[in-house]
Every structure is written in structure tokens, then in C-alpha cells.
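The values are calculated or read from the model by the stated rules, or taken from the named source; none is laboratory data. Every value quoted in this text rests on a predicted model; they were computed, and no experiment measured them. We place every Cβ from the backbone using ideal geometry, glycine too, and count neighbours over all the protein chains shown. Only protein heavy atoms, including side chains, enter the accessible area calculation; ligands, DNA and RNA are left aside. Shrake-Rupley method; radii C 1.70, N 1.55, O 1.52, S 1.80 Å.
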Amino acid sequence: MKFPRSLLQAGIVLASAVSTEVALAAAGDTLWSEYLGGNLGSTVAVAPSGQVYVGSGDYRLYALDPANTEKVAWRFLSEDFIGSSPAIGADGTVYVGSNDGKAYALNPSASSAENRVKWLYDVGESIYSSPAIGTGGTVYVGADNGKVYALNGQTGAWQWEFATAGKVGASPSIAADGSLYIGSADGYLYALDTTMGGTEKWRFQTAAGEGVGSVAVGADGTVFAPSQDGSLYAITPNGFQAWSYNVGSKIASTPVILENGYVAVVSYDSGRVVILNPAAQDDTARLVLSHTLNEKVFSTPTVGADGSLIVATMAGKVVALDPSNNQNPVKWEWRGDSGFVASPKLTAEGTLHITSIDGTYYALDSQTGGMANTPWPVFGKNLVSTRR
């Protein structure tokens, strides 16, 4: 998840924490925490080995080994803050963007810091967008100059670029057919054909011309696009609007998909959590659940294997909701010392990984059984955040 610039540029550090361990935990309890420093607005990526990567406002990307007492395995120092969330390639390469205008490919098994960088590509302007990785290893990244770049994942060589008329802070998403979806601040969602050098297939404009965020893609290819105008748009794979639903205020996060195909989205201003049935014929029938947290929400929820929907707020609360319980959906709540803009992620054993804006990394016991197996259960789509 990209970090709000106002917080990063202000250099906010709200509190500090010490590393803690809890032997036995109930749902929502802290298993361990680690103060890394800086401002942590980047959503974690988790490698198959269990190593975890996260970017920070102190200009570093951190590699953590959660099973070790000494959590930090290594650090990589860029030239500016890292609000981009990392993605992990099939060979273990870690890709991340930085506000220094560079996209980095890092070798996690390098013998020294000097050998860590496999390649870098300088776009000349800030990169808040998180990389997406295609099936062939191509890395796609958006930038503040309004462009999205396709780079060779092994060498960093430029393959093609596509220009929009606004900043591309939203992260690209990839459909099963290889289509690349780009949300731009210019109010359009762009569909690009990656097999044809990034040729535009179609573009979709929001009703008010407001910016489009990172999208989720359903099993049938439906694109669920959040907008600053407060609406979630359901768009067919050929670019036509199927329906839209207004949640009452702008949407800063990515929608997620539940196991029954329902879509969950959260409004920014009030933290209104809305679950929608895409198959319904009208808005009344489409609304399955509405629950307001009364706290701002920037981060994307995650869906647990037990069906739980876990949401983190900018006021520091993490809440697990039961989507099937309209009357009392809250299963458990946990509150940290500072707010969250990064999105939570669940590992197989049910540990919830999340980072806060005071620089603390938290691992919580979610007791969900891990992440749900749905078309798009989390920011980045999967643990390694390939966004496809």
C-alpha cells in the first residue's frame, strides 16, 4: 500500500515500541512486535521461505525473519522514502519502488549490501505505485509522471511505457488473460494489452472524472474499480459498466473478494465497510452488509480462510468482522499505539502481519486459519504481491 504523502513528508514518528513475545494468544493478541523506525506505510510481501519484506519512510526496505529472535535479516537503503509495497518474483527477486524515482530489483541472498541491487530503473519522478509481476516475469510499475513502465524482470531493460494524463499512484493489476489495468488520477481506468506492447484496449471514465485506485479482478474477469468519487465500479472485461455503488465518501483502498464472490470495500472518511453481491439486480438487493467503524480507513482489508474480513484504521484499530452477521459483525478488535495505512496480510498459520505509521511491525494472532482462497483476498492479491 502506498503511504500518504502528507504523513511521509511531515516525517511523522508517533511512538516507539520494543520487541515483545507472547507465548499463548487469543484472537487479536500480539504475537510479537518490532520497532523498525521510520514510517511504515508499505504493505508486506511474504516469500515462500517465510521471509517478509516491507518498505519504510526511513528510506529502507527491511527483510525480516519472523521465526528468529533477531527479526531484521538485512536492510536496503534507497535515496528517499519507500511507500511502495514490494513484490516478489518467482526466483525470489524483490521488486520495489522509491520516492527517489527508481524501481529496484533486489537479490535477497546477496552476500553483502553492495551486491544487493540486481538492477535499478530511474523514471525521474516518485514511485508510490507497487510493482505488478506478469507470468513471464515482466515488472509493471506506475509513477508520478503519469506513466506505467514495463521492465524486464531479470535485467531491468525497458520494454514499453504507456502515458496517462494524471499521476499513477495506484498499483497495476493483471487479469488472467494478461490484461493490465491502470488506475490514474486523470479519472480513467486503462486496460492495456501486454502481448501487444502495452496497446490500449479501452479506457473507462468515472462519472465525476475523479481518480481511480487499484482494482481487484473477479473470477469471471469483472474489474472492481474504486474511485475518489465514492463509487465502486463493476466493469466488464470489454470495458462497459455493469453497475456502480456509492459508499458515501471517497475510497482510498482496493476492494477484496470473499469466497462466495461478494465484494468488500471500505470508505475512507467514515470507515464504512460495505459488502456487495455483484449478481444482484439493484442497489437494495446488492447491499449485503454495511458496518461503520467511525475511523478513517486508507488500507485494504484482507479475507481470512474462516470468512473473516479484517480491516485496519488510521486511528490504530484492527477489527475482524463476520460478513454473515448483520446484527453484530465484530468478532474481535485490537488497538495499537499508532495508525495504519498499510494493509494487513495473513500467513498460512493465521498470523496477521501489519505495519504502523510509528515504525512498528506487528504480528497478531488472527485465528483465521490463514488467508482465504478467493480471486482477490488481499492487497497485492497474494502473499508475494504479484497482483495477478
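Taking 7 Å steps out from each Cα toward its Cβ at GLN327 and ASP193 produces label points 5.5 nm apart. What the Cα atoms of the stretch 152-262 give is an Rg and a Dmax of 13.8, 45 Å. With the Kirkwood sum run over all distinct C-alpha pairs, the stretch 244-305 has a hydrodynamic radius of 11.7 Å. Based on Cα atoms of the chain, Rg over Rh with Rh as the Kirkwood radius reads 0.94. DSSP assigns beta bridges within the stretch 219-288; of those with both partners inside it, close to 100 percent run antiparallel. The label point for GLU349 and the one for ASP65, both projected 7 Å from the Cα toward the Cβ, are 1.5 nm apart. P(r) for the stretch 228-345, from all Cα pairs and a bin width of 5 Å, is 2, 12, 23, 25, 20, 11, 4, 2, 0, 0 %, short bins first. Using a cutoff of 8 angstrom between alpha carbon atoms and counting only pairs six or more residues apart, the relative contact order for the stretch 315-377 works out to 24 percent.
When the Cα positions of ILE82, ASN99, GLY136 are compared along the charge dipole of the stretch 73-137, GLY136 comes out farthest toward the positive end, with charges on each C-beta of Lys, Arg, Asp and Glu.
Here the simple spin-label model places points 7 Å from the Cα toward Cβ, and for ASN107 and THR284 these points are separated by 6.4 nm. Taking the 1.4 Å solvent-accessible surface of the chain as the whole, the part contributed by carbon and sulfur is 47%. Of the residues LYS296, LYS381, LYS317, the one with the largest accessible area comes first in the ranking LYS296, LYS381, LYS317, computed with a 1.4 Å probe on protein heavy atoms.
Over all alpha-carbon pairs in the stretch 296-368, figure out the percentage whose distance exceeds 14 Å. For the stretch 296-368, the share of Cα pairs beyond 14 Å comes to 54 percent.
Counting only Cα atoms, the stretch 75-173 measures 42, 30, 19 Å along its principal axes, largest extent leading.
On full extension, the segment bounded by ALA73 and ARG335 gains 91.6 nm, given 0.36 nm per residue less the C-alpha separation. Rolling a 1.4 angstrom probe over the protein heavy atoms with all chains in place gives the chain an accessible area of 35 Å² per residue. Mean residue ellipticity, 222 nm, helices only, the chain: the sum of -39500 (n - 2.57) across DSSP H runs of n ≥ 4, divided by residue count and rounded to 500, is -500 deg cm²/dmol. Note: relative contact order over the chain, using C-alpha pairs below 8 Å and six or more positions apart, is 15 percent. Reported value for the stretch 333-388: 88 Å³ per residue, from the convex hull of its C-alpha atoms. Here the extension length gained between ASN246 and ALA219 equals 7.5 nm, from 0.36 nm per residue of separation less the Cα-Cα distance. Once the Cα-Cα distance is subtracted from the 0.36 nm per residue extended length, the TRP158 to ASN238 segment shows a gain of 26.0 nm. The value for the stretch 45-102 of Rg(Cα) / (2.2 N^0.38 Å) is 1.09. The stretch 76-129 gives an Rg/Rh value of 0.95, both radii derived from C-alpha positions and Rh following Kirkwood.
For the stretch 163-238, the relative contact order is 23 percent, taking Cα pairs closer than 8 Å that sit 6 or more residues apart in sequence and dividing their mean separation by the residue count.
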